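The values are calculated or read from the model by the stated rules, or taken from the named source; none is laboratory data. The model shown is predicted, which means the values in this text are computed figures rather than measured ones. Quick reminder, even Gly has a Cβ in these numbers, built from the backbone with ideal geometry, and neighbours come from all protein chains shown. Calculation scope for accessible area: heavy atoms of the full protein, side chains included, ligands and nucleic acids excluded. Shrake-Rupley method; radii C 1.70, N 1.55, O 1.52, S 1.80 Å.
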Amino acid sequence: MEVYMNNKRFQTLGEFIIENQADFQYSTGELSRLINSIRLAAKTVNHEVNKAGLVDILGAAGSTNKHGEKQQKLDVFANEIFIQTLTNREIVCGIGSEENEDIIEVSGADNSNLNKYVVLMDPLDGSSNIDVNVSVGTIFSIYRRITPVGTPVQMEDFLQPGKNQVAAGYIIYGTSTMLVYTVGKGVNGFTLNPAIGTFYLSHPNMTTPPNGKIYSINEGNYVHFPQGVKDFIKYCQEEKDDRPYTSRYIGSLVSDVHRNLLKGGIYIYPSTAKSPNGKLRLLYECNPMAMIVEQANGRASTGLQRILDVKPNQLHQRVPFFCGNSSMVEKAEEFMSRYKE
Ligand code: AHG
Ligand code: MN
Ligand code: MN
């Protein structure tokens with residue numbers, strides 16, 4: 001089935017991938033196949049998320065992940081689907097996941113490893129929202145390995161700064177399901193037509209507005225925030241110029257960032273007295289979101305340093321996260337820098 005709007009035919013994700021393959025500097029088709037397999041896994045997870053209230057998939061799985069967090073059944077399911085899809089097709093040499101303590105080495109049928117990409121992912125983001133029918137997501141980040149092809153993948157292949165990412169994206173399982181990704185040439189968004197299981201290019205060349213009016217932060221933690229963040233919140237609430245701004249917080253990073261990307265706004269998960277490095281994970285939450293936001297003309301930082309420049313030292317490392325349209329993030333950084341010791 002072809003989809004038209006105002007007499008314009010929407011391009012499918014499959015067509016878009018083929019047409020834009022040359023955009024990618026080292027393209028041999030491998031990255032295209034990788035994005036294709038993410039598309040397939042996304043459709044499977046979407047199918048499961050959509051019937052979550054009807055089948056026995058809601059609630060806790062009875063296990064905890066590396067971070068001591070209770071795993072939800074859908075966390076485990078999404079993790080398995082993405083790992084299976086990526087390993088079956090033998091197009092990555094390794095996977096790092098929020099749900100797995102260690103890296104997963106992927107080798108081909110003959111035990112060789114001919115692939116050059118590693119994937120890092122948060123298979124199900126916003127899991128505490130599953131049981132209450134609020135949007136959740138998947139986040140992925142793709143790097144070229146550093147160690148030679150044909151040898152076992154190493155931790156150093158994963159611990160690369162975000163600026164080395166060759167592609168990044170997210171899937172939002174929301175009122176409609178979208179796949180948004182970048183290969184470093186702008187950001188494009190595709191909406192799933194669930195009737196036929198095809199993603200269509202609905203949001204070409206996504207850019208975030210230069211100015212925003214939304215701030216997104218879990219204000220329940222206010223007393224534990226650094227003084228720079230407290231001052232920035234007060235600035236957002238002040239009656240002056242185009243302020244006060246409006247506060248919106250879903251508690252699913254993907255959904256909060258997606259909304260702010262489209263409407264203009266800032267998302268903050270700062271360090272707190274309880275968790276000095278914040279809550280979000282650098283490698284599979286902050287880096288991919290930072291690449292997308294920068295590619296959409298926005299900005300992402302730790303409050304003091306560009307996220308994509310941070311040199312990781314651990315797979316599950318956490319980092320404070322500020323991201324959104326440039327003017328709001330710069331303003332928050334200005335407040336943060338006043339208290340830099
Ligand atoms: P995950 O479900 O993958 O563990 O991620 C949850 C994250 C993120 O999606 C969200 O922005 C943040 O946790 C919300 O944390 P608080 O409940 O502390 O606000
Ligand atoms: Mn998450
Ligand atoms: Mn998760």
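Key figures
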{"item": "Test: residue in region 210-224 that is without any contact (Cβ under 8 Å) to a residue 40 or more places away in the chain, open to solvent by less than 10 Å² (accessible area, probe 1.4 Å) and closer than 23 Å to residue 296 by Cβ", "result": "no"}
{"item": "Region 279-308, residues that are away from ligand 2 (no atom under 15 Å from the Cβ) and either more than 14 Å from residue 332 (Cβ to Cβ) or charged (D, E, K, R) (or both)", "result": "291, 294, 295, 296, 297, 299, 306, 308"}
{"item": "Candidates 215, 222, filtered to the one that is farther than 30 Å from residue 23 by Cβ, away from ligand 3 (no atom under 16 Å from the Cβ) and part of a strand (DSSP E or B)", "result": "215"}
{"item": "Evaluation of residue 254 against (1) surrounded by fewer than 19 Cβ atoms within 10 Å (Cβ to Cβ); (2) more than 14 Å from residue 208 (Cβ to Cβ); (3) among the hydrophobic types (A, V, I, L, M, F, W, C) (one fails), failing number", "result": "(1)"}
{"item": "Filter result for residue 218 (modelled with pLDDT of 95 or more and within 16 Å of ligand 1 (Cβ to nearest atom))", "result": "yes"}
{"item": "Subset of region 287-327 (residues that are farther than 22 Å from residue 227 by Cα and part of a helix (DSSP H, G or I))", "result": "287, 288, 289, 290, 291, 292, 293, 294, 295, 308, 309"}
{"item": "Conditions (1) under 20 Å from the mean Cα position of the chain (by Cα); (2) touching a residue at least 24 places away in the same chain (Cβ under 8 Å); number of the one not met by residue 242", "result": "(1)"}
{"item": "Test: residue in region 251-265 that is modelled with pLDDT under 95 and over 22 Å from residue 161 (Cβ atoms)", "result": "no"}
{"item": "Neighbours by Cβ (under 6 Å, 6+ apart or cross-chain): first from region 313-341, on the phi > 0 side of the Ramachandran plot; second open to solvent by less than 30 Å² (accessible area, probe 1.4 Å) and part of a strand (DSSP E or B)", "result": "324/265; 324/266; 324/267; 324/298"}
{"item": "Residues of region 302-312 satisfying the condition of being within 19 Å of residue 215 (Cβ to Cβ) and either under 15 Å from the mean Cα position of the chain (by Cα) or in contact (Cβ under 8 Å) with a residue 40 or more places away in the chain (or both)", "result": "303, 307"}
{"item": "Meets criteria (modelled with pLDDT of 95 or more, of a type in the set (Asp, Glu) and loosely packed, with under 15 Cβ neighbours inside 10 Å) for residue 241", "result": "yes"}
{"item": "Residue match in region 271-288 (condition: under 26 Å from residue 119 (Cβ atoms), at pLDDT 95 or above, under 17 Å from the mean Cα position of the chain (by Cα) and open to solvent by 20 Å² or more (accessible area, probe 1.4 Å))", "result": "yes"}
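So that you can scan it fast, the table gives a plain yes or no per residue for (1) away from ligand 3 (no atom under 16 Å from the Cβ); (2) assigned to a loop (DSSP other than H, G, I, E, B); (3) closer than 20 Å to residue 190 by Cβ; (4) not assigned by TED's automatic domain parsing to the domain that holds residue 182:
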residue: 81; (1), (2), (3), (4): no, no, yes, no
residue: 86; (1), (2), (3), (4): yes, no, yes, no
residue: 102; (1), (2), (3), (4): yes, yes, no, no
residue: 120; (1), (2), (3), (4): no, no, no, no
residue: 130; (1), (2), (3), (4): no, no, no, no
residue: 147; (1), (2), (3), (4): yes, yes, no, no
residue: 151; (1), (2), (3), (4): yes, yes, no, no
residue: 156; (1), (2), (3), (4): yes, no, no, no
residue: 163; (1), (2), (3), (4): yes, no, no, no
